[in-house]
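My questions will all concern the structure given below.
The values are calculated or read from the model by the stated rules, or taken from the named source; none is laboratory data. Just so it is clear, the structure is predicted and the values come from calculations on it, not from any experiment. Positions of Cβ are backbone-derived with ideal geometry, glycine not excepted, and every protein chain shown enters the neighbour counts.
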Amino acid sequence: MTSRFSSFRQNSLNSRYRPSAAGIWPDSQSSGALGDWIYLKSGTMVEAHDGASVRLGSNFFANRNCTIVARAGIEIGPECMLGEGVSIYDHNYRHCLGQGTFREQGYVARKIKIGANVWIGSKAFIGSGVTIGDNVVIGANSIVVKDIPSGSVAHSESRLMIRPLSPSAGDESRHS
């Protein structure tokens, strides 16, 4: 299935996207592309910063209060749906002791790619560097920090993991 995309830059969005008290905000260095039919329910925000690109495929639907924020890049394929309150962030703050405040340390960002025909349940979180294949269902309240292969159903189990902060820079590995 191929999708046609319309490019957007700051203050120049195509009329095929249908906002409902929602918005798409690329900064002056960032860009993106929208497929043929995009529907964002109220409270949904799509942001691109630091030269990142956001690409939303055709027939994309985001329910209320979803957040998509790119600092490296986020691509979502055609026929995808986001449940209410889904968060997709391609970056995290660096977090090392003795390296200044977390804000001063800046970000670690890695691109996210979400395939075609993906349904992401309400309040799920998709983290940096993740690739989700085609024909995937992500359960509600899931925290996705690992790649999900095509043709899968994925969901999180609730558990709290506690570990000490690392005193050295560069300890940004994923934790499961």
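Pairs needed: first member in segment 93-114, closer than 13 Å to residue 167 by Cβ and touching a residue at least 12 places away in the same chain (Cβ under 8 Å); second member anywhere, acidic (Asp, Glu) and loosely packed, with under 13 Cβ neighbours inside 10 Å; C-beta distance under 8 Å; at least 6 residues apart or different chains.
Close Cβ pairs (under 8 Å, with a partner that is acidic (Asp, Glu) and loosely packed, with under 13 Cβ neighbours inside 10 Å) amount to 96/171.
Just to be sure before I move on: is residue 87 small (Gly, Ala, Ser) and within 26 Å of residue 25 (Cβ to Cβ) in the structure I sent?
yes
Whether any residue in segment 144-151 is modelled with pLDDT under 95, of a type in the set (Gly, Ala, Ser) and in a loop (DSSP other than H, G, I, E, B) is what I want to check.
No - not one qualifying residue is present in segment 144-151.
Do we have residue 42 as more than 16 Å from the chain's Cα centre (by Cα) and at pLDDT 90 or above here?
yes
From the set of residues in segment 88-128 that are of a type in the set (A, V, I, L, M, F, W, C), more than 18 Å from the chain's Cα centre (by Cα) and assigned to a loop (DSSP other than H, G, I, E, B), which is surrounded by the most Cβ atoms within 10 Å (Cβ to Cβ)?
96
A follow-up question, please. Among (1) in a strand (DSSP E or B); (2) out of contact with any Phe, Trp or Tyr (no Cβ under 8 Å at 6 or more places or on another chain); (3) modelled with pLDDT of 85 or more, there is one condition residue 29 misses while meeting the rest; what is its number?
The single condition residue 29 does not satisfy is (1).
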